[in-house]
Structure formats: C-alpha cells, structure tokens
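The values are calculated or read from the model by the stated rules, or taken from the named source; none is laboratory data. Treat the numbers as computed from the prediction; the structure is a model and nothing was measured. Please note: Cβ atoms are built from the backbone with ideal geometry, for glycine as well, and neighbour counts cover all protein chains shown. Surface areas here come from the heavy atoms of the whole protein model, side chains and all, with no ligands, DNA or RNA. Shrake-Rupley method; radii C 1.70, N 1.55, O 1.52, S 1.80 Å.
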Amino acid sequence: MLQDAEQPFFQMSGVSKSFGGAVALDHAELTVRRGRIHAILGENGAGKSTLLKVMSGVVQPDEGTMHFDGREVSFASPAEANAAGIVCVYQELSLIPDLSVADNIFASNPPRRFGMIDRRAQRRQAEEALARAGAADINPLAKVRDLPLSRQQMVELAKGLAHAPRILILDEATSALTAADVARVIEVLKRLREEGLALLFISHRMHEVKALADECTVYRNGRHVMSFEAGTRSDNEVVEMMIGRKYQHAFPAKPAARPAHGPPAAPVLACHDLAWSDTLRGISFSLQPGEILGLGGLDGQGQRELLLALFGVLRGCAGKIEIDGKAVSIGSPTAARANGIGMALIPEDRKTEGLMLPMSLRENLSFAALDRMSTAGVIDRDRQQSLVDRMMELLAIKSFSLDAPVGSLSGGNQQKVVIAKWLIRQPRILLLSDPTRGIDVGTKQELYQLLRRLADEGAAVLFYSTDYDELIGCCDRVLVLYEGRIKKELVGSAITEQNLIASALDLPVGQVSPSTGVAL
C-alpha cells in the first residue's frame, strides 16, 4: 500500500559535514515525500551535493540523523544505499568508456545463469532500462565511448533506474543533455512520480524546476534556508534566497555601436571555408578584437567541432584560418596557445577535459602557463605564487587551501579554475564551449561580467552556449549553425529568442512562436 504522500518518507535532521577547514553542511534539514518531485536549490558550494552524498552513502556525516521509511538509517557505502532503494544519478559520469552500454548499466550486478553473466538477459534488461529512461533508441551493445556526451548521460539515468530505486536523486543530471533529451527526461520523471517514487532534483535551470518540482528547498552556506511549495515564490525571491542578497540583472551592458570612421579594424581571427568530415561544411566568419561572438543553433550542429578545429585538436581540417590577416597552420593546442596566436579553449566538460581532479588547486592553475613561471625549466615559486594569487582574487575562487585537490571544490569554483588557468596566459582569443553548464546563478553573473571586461580590454571571444538567454544577453553577434553550416548571422536587436529558434530550425524569421518555440 502506498504511503500517504503527506507523511515523510525520508528525513534528515541536524546533519553536519566538514572537509578539513571547510564546512560543507551545517545542521542541514530535509524532508522527502513519496510521489513528489523535490527540487534542491542553492549556489555551487551551498552544500547540495554533499547533502545528497550523505544521503546516498558516498560520504559519512559528522553528526545528525537520517530516517527512511519509518526507521533510522546510516549508509556506509553507496552499495548499502542502493540496496535500501536510494539511487543517485550524478552530473559526473560513472561509465566505463570501453564497455558496452549494457555492461555499464549492469556493471555492479549483472544477471547471471549457472554462475556466468547471462548476456541475453542483460541485453533485454538493458533495453527495458533504456526505454524506461526515454532512450530506447540507444543500442545496448554500443560502446559508451562512441556516444556523444548527452547520450552517455541518458545511459547514466538508465543505469540508475535499473537499480529499481525507491528514491531517485538527480544531481545536475540534465546539464549535459540536449533540449530533446531534457524533454524526454521531464516526461520520464513525471511518470516515475505517478508510480510513487520520491524524486530529488538538483538543477540550476529554473525553467526545469518550474516544469517539474512539487516542492523546493533552498540551501546557502551549508544551511537550510527555506522549504516551500513550487510556484509560491517568484524567480527573483528564489534567487535572492540562494545568493543571500538582492538579485541584480544578470548581464552587463553591451557597448554602444561605434560610429564608422574609415575602414573597419582588421579581424584578429578569420575562417574561410573551414571543413571537417561531414560535421563542418564551409564555415566562414571573422572575429574582431573586443567582440563577443556567439555560436547558436540546436546542440550537435558542429559548434563544438568548430571550437576544437580552431584550437588545433581535430586532424584533417580543410580551409584557411587567418590570425591578424595572415594565414596560419594550427596543428595542435600547443600551436594555438603560442604567443603569435594567443588562443585559449574553455572545454565543455571541466571534469575530464579541463582539470586534473586529484591534483591541487595550485597545480591546476599553473599547468597552462608553466613556461611563464619558469626559468631554464625550473619553476620560479615566487612568480608562480604571484600569478596564482592574482587569479584567485580576479575570479574570487573559494578554497580553504591552494594545496587542496581541485576536485574538492564546488562546480562553480572548478569552472573558475578552468578559466583562470588560461587567463594567466592573457589570451587574445578566448573560445568557450557552454562554460556555464551546471553552475549557479551567482557564479554565472560573475562569468558574464568577466567576459565583457575581457572584451572591453581587447580580447576576442567566441562563445558557444545552449542557453538562448546567454546568447541574447552576452553577445554582440550570433552565428546560428545548422548541419555544420552558418545559416544565419544575427546582430544587435535582431538577437532574440524567436529569431534564434527559427534560425536553429532552418525556418524563416517569424515562423516560430516566441512564447512556445513551436513552428507556426
């Protein structure tokens, strides 16, 4: 018999947790009910992920109690929590790239027959789990490494559902998904709610919270701030609870258009008919000093590959790249970051492409600029300390020690480290691939201000984002890609949500409803 939805199914009381000198949770509280989707809100570093790691057995609390289904519990490991029915799907993937989708879904407990893995049963059950996750199109025999990041995240969700959870926790599990996959996940979660599951949902995307949540709880600095029914607080009220101050407009003012006097300034970067495989098809554009140029369009239309091609990661590219009007050959990231070019890339996945998580904050900040900190191959420690301290102050990176593993920082501070390690090199051209994915509104504001300041100081910024609001609020121009080609260039007041959606769908401007995003 289903438990009354008004009765607590899971409760945390007075839970505290510290890591070294940093307090992650300070007498935190949480009440979860069956058949409800409960949104957990707060800035990066507010304690949300630590709370869920305590709940799912990843870390042990210093003090406090947990009650689950009427009895007091404590979990020494994720396996114990899973066995009790608490399953967490994290933003960071736990998949093994060289194994198949089915092998990953059942890595910890595969179906067996006569003591051996029953491959036929495993494939069937994997298909069922994928279908339940809204990803029936994924081949269970495909290698995980061959799937794009958004599809890997869907496999992660299917893996969680295969454990038959009673409480399902999603920690930024939609941040890497395409818009189409997010829509599927929303329908899946609504169906699971109807089946009586309790669902906990962390997201910095307020539209997802609005679409899903029945109840919200806000945390700040490791403390419980407030719990309330979804829809009873305005967006501004929620954000102000999260950041502890009045919420100001997210985007800095764009510079006024400069009157034309003589010929335009030479572009710092220009591409002519850039092509790669079937993904980039004759890309041509220019980028001026002091400009923030956006890349828009539906996910997977060649935006990431364009950034990788410019940074010398892709092999076999055709076309021409010019820096300051001169043709250059960028055959590697080392060539891209060299002084004559001065390029930096902020990658999509900070965990696997931007940071070395077990290594210290100091080491991660230093890697990209060791040549600027060294003399005859020996690091000048005073010079290193000076540059690191300057970046810590410039980006307001929060950590109790420069020697702490960078993996111990919150997601927003990790993203700041990825950006800071490149800013030490003072790049002239900054390439960004969805840099605000999975970080909180306060940190986003800081990054928007930083990008505009860098542009005002003369840097050229090429900015890919899956968030229309960011393209509208940050960019001076936006190039919309469709099937590897630039389909539309939007400038100034023409950068609107309606025009971005219409161009992304390869429709004439005005053929999409601005309120629904549906073709007219």
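Here are the numbers:
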| item | result |
| --- | --- |
| Members of region 475-494 that are assigned to a loop (DSSP other than H, G, I, E, B) and either modelled with pLDDT of 90 or more or touching a Phe, Trp or Tyr at 6+ places or on another chain (Cβ under 8 Å) (or both) | 475, 476, 484 |
| Search result, residues across region 68-84 that are open to solvent by less than 70 Å² (accessible area, probe 1.4 Å) and either part of a strand (DSSP E or B) or in contact with an Asp or Glu (Cβ under 6 Å, 6 or more places away or on another chain) (or both) | 68, 73 |
| Residue 163 vs. criteria in contact with an Asp or Glu (Cβ under 8 Å, 6 or more places away or on another chain), in a loop (DSSP other than H, G, I, E, B) and surrounded by 15 or more Cβ atoms within 10 Å (Cβ to Cβ) | no |
| Residue within region 329-345 that is surrounded by 15 or more Cβ atoms within 10 Å (Cβ to Cβ), under 20 Å from the mean Cα position of the chain (by Cα) and touching a residue at least 40 places away in the same chain (Cβ under 8 Å) present | yes |
| Flag for residue 150 being open to solvent by less than 70 Å² (accessible area, probe 1.4 Å) and not in a helix (DSSP H, G or I) | no |
| Top-ranked residue in region 392-401 [being at pLDDT below 90 and of a type outside the set (Gly, Ala, Ser); ranked as surrounded by the most Cβ atoms within 10 Å (Cβ to Cβ)] | 397 |
| Complete set of residues in region 82-130 that are of a type in the set (S, T, N, Q) and over 26 Å from the mean Cα position of the chain (by Cα) | 108, 109, 122, 125 |
| From 393, 446, 470, residue being closer than 30 Å to residue 266 by Cβ and acidic (Asp, Glu) | 470 |
| Among the candidates 189, 157, 170, 177, residue that is buried (at least 18 other Cβ atoms within 10 Å of the Cβ), on the phi < 0 side of the Ramachandran plot and in a strand (DSSP E or B) | 170 |
| Total residues in region 285-340, condition in contact with a Gly (Cβ under 9 Å, 6 or more places away or on another chain), under 26 Å from residue 256 (Cα atoms) and hydroxyl-bearing (Ser, Thr, Tyr) | 0 |
| Whichever residue in region 454-473 is within 23 Å of the chain's Cα centre (by Cα) and open to solvent by 10 Å² or more (accessible area, probe 1.4 Å) and, among such residues, is nearest to residue 342 (Cα to Cα) | 454 |
| Of the criteria (1) out of contact with any strand residue (DSSP E or B) (no Cβ under 8 Å at 6 or more places or on another chain); (2) of a type outside the set (A, V, I, L, M); (3) touching a residue at least 24 places away in the same chain (Cβ under 8 Å), which one residue 122 fails | (3) |
| Region 12-21 - residue that is under 28 Å from the mean Cα position of the chain (by Cα) and surrounded by fewer than 17 Cβ atoms within 10 Å (Cβ to Cβ) and, of those, modelled with the lowest pLDDT | 21 |
| Condition met for residue 9 (open to solvent by less than 20 Å² (accessible area, probe 1.4 Å), without any contact (Cβ under 8 Å) to a residue 60 or more places away in the chain and not aliphatic (A, V, I, L, M)) | no |
| Residues of region 162-197 that turn out to be more than 16 Å from residue 466 (Cα to Cα), in contact (Cβ under 8 Å) with a residue 60 or more places away in the chain and aliphatic (A, V, I, L, M), as a count | 7 |
| Among residues of region 134-145, those that are closer than 19 Å to residue 97 by Cβ and over 20 Å from the mean Cα position of the chain (by Cα), counted | 7 |
| Pairs where the first residue, in region 356-377, is in a helix (DSSP H, G or I) and the second is open to solvent by less than 70 Å² (accessible area, probe 1.4 Å) and of a type in the set (S, T, N, Q), C-beta under 7 Å, 6+ apart | 361/399; 366/384 |
| Pair list, Cβ < 6 Å and 6+ apart or interchain, from region 215-234 residues that are within 14 Å of residue 26 (Cα to Cα) and open to solvent by 20 Å² or more (accessible area, probe 1.4 Å) to residues that are acidic (Asp, Glu) and at pLDDT 90 or above | 223/26; 224/29 |
| Among residues of region 411-453, those that are open to solvent by 20 Å² or more (accessible area, probe 1.4 Å) and in a helix (DSSP H, G or I), counted | 8 |
| Number of positions in region 106-143 that are open to solvent by 20 Å² or more (accessible area, probe 1.4 Å) and either among the β-branched types (Val, Ile, Thr) or part of a helix (DSSP H, G or I) (or both) | 10 |
| Residue tally, condition among the small types (Gly, Ala, Ser) and open to solvent by 50 Å² or more (accessible area, probe 1.4 Å), over region 357-380 | 2 |
| Residue within region 196-209 that is of a type in the set (Phe, Trp, Tyr), farther than 30 Å from residue 501 by Cβ and at pLDDT 85 or above present | no |
| Checklist (1) at pLDDT below 90; (2) closer than 30 Å to residue 455 by Cβ; (3) open to solvent by less than 20 Å² (accessible area, probe 1.4 Å) applied to residue 271, failing item | (1) |
